[in-house]
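Notes for the one structure printed next.
The values are calculated or read from the model by the stated rules, or taken from the named source; none is laboratory data. Because the structure is predicted, anything quoted here is derived from the model rather than measured. Cβ placement follows ideal geometry from the backbone for every residue including glycine, while neighbour counts extend to all protein chains displayed.
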2 protein chains.
Amino acid sequence: MIYDIRREQSATIPDGVRAQRRLQTLAKVNDAALRLISQRSVDGWTMADLARDVGLTPGAFYRYFQSKEEIIATVQITVLRDLMSAWRWSEQRVLEHSQASHMTPVARLLVAAAVYQRLSVESPHRFALLTMSITSPTDVLSDEALAPVSEATLALLTRFTWIMTDARRSGHFHGEQGDESVDHDRAAQWVFAQQGLLQLHRLNQRIPGLADISRALRSLQDDLLCAWGVRTEVLAEARKLIESAPDELAQEPVSVAQS
Amino acid sequence: MIYDIRREQSATIPDGVRAQRRLQTLAKVNDAALRLISQRSVDGWTMADLARDVGLTPGAFYRYFQSKEEIIATVQITVLRDLMSAWRWSEQRVLEHSQASHMTPVARLLVAAAVYQRLSVESPHRFALLTMSITSPTDVLSDEALAPVSEATLALLTRFTWIMTDARRSGHFHGEQGDESVDHDRAAQWVFAQQGLLQLHRLNQRIPGLADISRALRSLQDDLLCAWGVRTEVLAEARKLIESAPDELAQEPVSVAQS
């Protein structure tokens, strides 16, 4: 069973010290696991190491988690949720800043991209952990442990598919032809093509001349939107909105759970 | 020091059993290391395990490799080189098949993409190993071990930059404006945006409905080329060339070193 920290936190907390202590422990486990993974990769630590880090006996610890896989899946889901919160938060802040009543779908895509880029730069371990199920040479998670991670990943992708549908139906992309499979393909392209470039960040710091990632990323965004027939004034307006609110984008708590 | 298996192999092999045995041992180490990495990831084995697999005493083994990092770097470089060979080989075969005398830069980009896609599908461990320096949450290689891998990666990227320059100067992309930084950005986009989508292959097999990768990949290629202003007839001709020679693309030895 995968613990859903957020759901527990947002639910009404029953009175009593025990429930609160339990939530605190789960949050501590999350932070400590992330720290261990970033310092020693996925394989370089044991459940006992983690139990010690959070001050629990192995026996007490096993009441929370039965396996490393559960822990890794829980941390991955937490990172995904933080990312979704940061995205919503940033949209809100950018809207407030611009005093606009709504945001075009194209602007939403650019805000999401900016938030994801920040995560990859400021919290490279979280970013790598998020993509680990995709990139590891061996399967990190069993089918059972992967299930809730898949669900969260698909939920994120679906959100992007909706935005693509919205952009197409609002006439912000040229022609209104196409169906939802086009929107789904575009969502996958938007998320995973950018992810491919964002992965270069760490290597880029070590290999001079590899790539100017921010520039290549911006080109990629413009190229995709251009190929989808974005109306020029819609793109210009969205870029202007993002660039007028750099602080609003820079302050959102991508790393809200970082200890 | 990183051993360069290929250079040793292509150099004149001195007479004598010892030199030949040495090359055979290096090739065996390469295969065994790849097998261990695919079965147990990067951390789940020791130098002693690998020595045992290839039938050497630890002492004899240390004469070949001083660290796991050296081994991993050597395997990565071998995969990169195999990929480059497969690309050249495929171009040759597609040209022979079509009885054309040359290939347009756009067709070369599509052949390269097809070869890379095959690697990701048919040899997912090799593909993951290739992208490991990019995607691991911790640094897999020290600066010293990374250096030759960087060199090989940059050489590959430079090859793509040349093709982008060629396409631009030949008027296959619209306008001939732009400089080499544009070509370099396009090379990075072409390689790493597609890599981002290719990484989904393994996860896609486990999560129903995640994405139709082949279709999303083809859209991504068309979208990028379209945004770069590819001439319609050039793209159509290149697609026709690739599609008329599926067997030529399917037979190249991407996994030439696979045991």
**Request:** Name the residue, out of B:A100, B:A107, that is away from every other protein chain (no Cβ under 12 Å) and crowded, with 22+ Cβ neighbours inside 10 Å.
**Result:** B:A107
**Message:** Can you tell me which residue is farthest from the other protein chains (Cβ to nearest Cβ) among those in region B:29-65 that are touching a residue at least 60 places away in the same chain (Cβ under 8 Å) and surrounded by fewer than 20 Cβ atoms within 10 Å (Cβ to Cβ)?
**Reply:** B:Y64
**Message:** Kindly evaluate A:R168 against the criterion of being touching a Gly at 6+ places or on another chain (Cβ under 8 Å) and over 27 Å from B:R206 (Cβ atoms).
**Reply:** yes
**Complete:** If you go through B:Q92, B:Q99, B:Q117, the only one that is out of contact with any Lys or Arg (no Cβ under 6 Å at 6 or more places or on another chain) and at positive phi is B:Q99
**Asked** Could we say that B:L217 is over 23 Å from A:W228 (Cβ atoms), within 9 Å of chain A (Cβ to nearest Cβ) and not charged (D, E, K, R) here?
**Response** no
**Message:** Can you pull out every residue in region A:206-251 that is in a loop (DSSP other than H, G, I, E, B), under 26 Å from A:A86 (Cα atoms) and without any contact (Cβ under 8 Å) to a residue 40 or more places away in the chain?
**Reply:** A:D212
**Complete:** Here the residues within region A:142-151 that are surrounded by fewer than 21 Cβ atoms within 10 Å (Cβ to Cβ) and part of a helix (DSSP H, G or I) are A:D143, A:E144, A:A147, A:P148, A:S150, A:E151
**Request:** Mind listing just one residue for me: the one in region B:179-210 that is of a type in the set (G, A, S) and at negative phi and, of those, farthest from the chain's Cα centre (by Cα)?
**Result:** B:S181
**Asked** Looking at B:L203, is it under 20 Å from A:F127 (Cα atoms), at the interface with another protein chain (Cβ under 9 Å from one of its Cβ atoms), assigned to a helix (DSSP H, G or I) and touching a residue at least 40 places away in the same chain (Cβ under 8 Å)?
**Response** no
**Complete:** Over region B:35-49, the set of residues touching a Leu at 6+ places or on another chain (Cβ under 7 Å) and either of a type in the set (V, I, T) or under 20 Å from B:A128 (Cα atoms) (or both) is B:L36, B:I37, B:W45
**Asked** Since B:D139 meets every condition but one in (1) surrounded by fewer than 21 Cβ atoms within 10 Å (Cβ to Cβ); (2) not assigned by TED's automatic domain parsing to the domain that holds B:Q205, which condition does it not meet?
**Response** (2)
**Request:** Could you list all residues from region B:120-130 that are in a helix (DSSP H, G or I) and surrounded by 20 or more Cβ atoms within 10 Å (Cβ to Cβ)?
**Result:** B:S120, B:R126, B:F127, B:A128, B:L129, B:L130
**Request:** Please indicate, with yes or no, whether at least one residue in region A:110-117 is in contact with a Phe, Trp or Tyr (Cβ under 9 Å, 6 or more places away or on another chain), in the same structural domain as A:P148 (by TED's automatic domain parsing) and among the hydroxyl-bearing types (S, T, Y).
**Result:** yes
**Asked** In this structure, is A:A147 within 17 Å of A:A107 (Cα to Cα), of a type in the set (A, V, I, L, M, F, W, C) and either within 11 Å of another protein chain (Cβ to nearest Cβ) or in contact with a Pro (Cβ under 9 Å, 6 or more places away or on another chain) (or both)?
**Response** no
**Request:** Go over the candidates B:L210, B:L225 one by one and state the one that is of a type in the set (A, V, I, L, M, F, W, C), within 10 Å of another protein chain (Cβ to nearest Cβ) and surrounded by fewer than 22 Cβ atoms within 10 Å (Cβ to Cβ).
**Result:** B:L210
**Request:** Can you confirm whether region A:135-144 contains a residue that is within 11 Å of chain B (Cβ to nearest Cβ), touching a residue at least 60 places away in the same chain (Cβ under 8 Å) and within 14 Å of the chain's Cα centre (by Cα)?
**Result:** no
